[in-house]
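Structure, as structure tokens:
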Amino acid sequence: MDNKLMLMIPGPTPVPEKVLLAMAQHPIGHRSGDFSKIMAAVTAGLKWLFQTQNDVLILAASGTGAVEAGIINFLSPGDRVLVGNNGKFGERWAKVCAAYGMQVEQITAEWGKALDPEAFRDRLEADTQKQIKAVIVTHSETSTGVLNDLETINRYVKAHEKALIIVDSVTSLGAANVPVDQWGLDVVASGSQKGFMLPPGLGFVAVSPKAWEAYATATCPRFYLDLGKYRKDAAKNTTPFTPPVNMFFGLQVAMEMMQAEGLENIFNRHRRHTEATRAAMKAIGLPLFAPDTNASPAITSVAPVGVDAEQIRSVMKKRYDIALAGGQDHLKGQIFRVGHLGFVCDRDILSAVSALEATLQELGFEHTAPGAGVAAAARVLATA
């Protein structure tokens, strides 16, 4: 049946009908008073979501563009930076820094494992000359389903005093608690197609006063991604360049929906869905790729044994019109990833688990009793 695709991937994520309808309106002039009112409203909503009184700037960019902006506006070629790398996105930020001529040092962990905060402490404490200019951390490593211990790593960065902390919060913002001001995070980047319940197209960057001090002396080349321009114009409820106006219509509605639900309810919903999905995989007999102690609220990675991950994804898509994410790089064919980020409800979790069980039965996977996964997920959802 046409038009029944169910997105259970970490992005793009499902978009509410109210948001889609808002985006279907005729555009308005982006230099108009009406647009300025929308700009003011969404900026206030973003500050609420980021839990900050600092600037939250809006770019026409993907999450990658937002993180790159968060790097190049506050650092210079030759700067010594420490990058956490335990997956595809941590690896990407190391490449971005190298492309701008920075001295990149990496704290690594095996894909599927969390970064060790103590490794950051050791490296930062050893920097007695205070040469490390920034620490870059991916909070929710989407490629593997691991949630890194940002709070502890940030505490060690704060003890260093000089280094900035730059956070890829692309799939954790709007799914996990990221209290920007409480933790004193300097630069936090995210993207619209994740927990914000929007299509791809907008990037968001929160910036602390300490980061703006670094901006004054940073010399990486920048023009379109120059956050100083966005800050200056945001103060007047406008943008330095033409924004995707209809995305702002959708963002306004999405922010209203999220505020109506409330932060704690949003976080609890994502926690329930994570726990339910993981319980279902265990009941079915499918090994989880990331440990329970560091499970991402955005996505659950599964490493099936005895059945090919790509076959599972293919049958889920062709027969049930449910999209699951695959493994990246060396994990292609080794894992599949179940997204439960953004506009996802209990029914979606149960539907995906049920279709997965039927898929495994079709593929001859007989390591568990039919219905065990749905029953396990239902128990979590009923009690969590």
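The values are calculated or read from the model by the stated rules, or taken from the named source; none is laboratory data. The structure displayed is predicted, hence computed values, not measured ones. Every residue, glycine among them, receives a Cβ derived from its backbone with ideal geometry; neighbour counts consider all protein chains shown.
Here is how the numbers come out for the structure above:
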read-out: Residue within the stretch 74-90 that is within 17 Å of residue 227 (Cα to Cα), surrounded by 20 or more Cβ atoms within 10 Å (Cβ to Cβ), in contact with a Phe, Trp or Tyr (Cβ under 8 Å, 6 or more places away or on another chain) and assigned by TED's automatic domain parsing to the domain that holds residue 229 present; value: yes
read-out: Among (1) more than 23 Å from residue 326 (Cβ to Cβ); (2) part of a loop (DSSP other than H, G, I, E, B); (3) touching a residue at least 12 places away in the same chain (Cβ under 8 Å) - the single one residue 128 does not satisfy; value: (3)
read-out: Helices (runs of 4 or more DSSP H) wholly inside the stretch 230-347 containing at least 3 residues that are in contact with a helix residue (DSSP H, G or I) (Cβ under 8 Å, 6 or more places away or on another chain) and buried (at least 23 other Cβ atoms within 10 Å of the Cβ); value: 245-261, 263-284
read-out: Pairs with Cβ under 7 Å, 6+ apart, first in the stretch 14-28 and in the same structural domain as residue 194 (by TED's automatic domain parsing), second of a type in the set (Asp, Glu) and exposed (fewer than 12 other Cβ atoms within 10 Å of the Cβ); value: 28/34
read-out: Verdict on residue 372 being more than 21 Å from the chain's Cα centre (by Cα) and over 23 Å from residue 89 (Cα atoms); value: yes
read-out: Matching residues, the stretch 162-201, being out of contact with any Asp or Glu (no Cβ under 9 Å at 6 or more places or on another chain) and of a type in the set (Gly, Ala, Ser); value: 169, 172, 174, 175, 176, 184, 191, 192, 195, 201
read-out: Hits in the stretch 244-268 (condition: free of Cβ contacts under 8 Å to residues at least 60 places away in the same chain and of a type in the set (Gly, Ala, Ser)); value: 260, 262
read-out: So residue 137, is it part of a loop (DSSP other than H, G, I, E, B), closer than 28 Å to residue 258 by Cα and of a type outside the set (Ser, Thr, Tyr); value: no
read-out: Residue under evaluation residue 158, criteria (1) without any contact (Cβ under 8 Å) to a residue 60 or more places away in the chain; (2) over 18 Å from residue 212 (Cβ atoms); (3) more than 17 Å from the chain's Cα centre (by Cα), criterion not met; value: (2)
read-out: Some residue of the stretch 373-382 being assigned by TED's automatic domain parsing to the domain that holds residue 266, modelled with pLDDT under 95, of a type in the set (A, V, I, L, M, F, W, C) and out of contact with any helix residue (DSSP H, G or I) (no Cβ under 6 Å at 6 or more places or on another chain); value: no
read-out: Tally of residues being hydrophobic (A, V, I, L, M, F, W, C) and either under 20 Å from residue 234 (Cβ atoms) or part of a helix (DSSP H, G or I) (or both) across the stretch 1-55; value: 17
